[in-house]
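These notes are about the structure you will find just below.
No value in this document is a laboratory result; all are computed from the given coordinates. Remember, predicted model here, so these are calculated numbers, not experimental data. Positions of Cβ are generated from backbone atoms using ideal geometry, with glycine treated the same way; all protein chains shown enter the neighbour counts.
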Amino acid sequence: MKALTANRLSDGDVVFWKSGQWVERFADAELWADDDPDAAEAEAAGRSQPTVVIDAYLIDLVESEGLWAPLSYRERIRALGPTNHLHHGKQAEGGAVVQALQHAHGAARSTGRVNLIKRK
């Protein structure tokens, strides 16, 4: 599975793609199968908004506690917020999705981020 992420230019917040618009919570993100061509179309649409977001790319997901979470540790941190304290950022909201993100395993880099780095 994959999800599309970026950083919003107005405040730097991490955002996720859902049905043609950016949302703030990973729990609300639209998910695609690895071979779904709609994912590439969404990535192209996200990249076509240079005044709204920067560095839109697809991230790889892994199943965690019956839900989906980013495979890479970096992307889990981005989805949860800062790691300095559990009461800061999006992780402070709690809930099943936050628990799944906190307990997910995997240290692999997201292929989308690797491809983004190679293109620069």
Counting sequence-distant residues (5 or more places) and residues on other chains, those with an amide H built under 5 Å from that of Leu9 are Val53, Ile54
At Met1 and Glu65, where each label point lies 7 Å from the Cα along Cα→Cβ, what is the point-to-point distance in nanometres?
1.4 nm
Amide H to amide H under 5 Å from Leu71: which residues, 5+ apart in sequence or cross-chain, H placed 1.01 Å off N in plane?
Asp60, Leu61, Val62
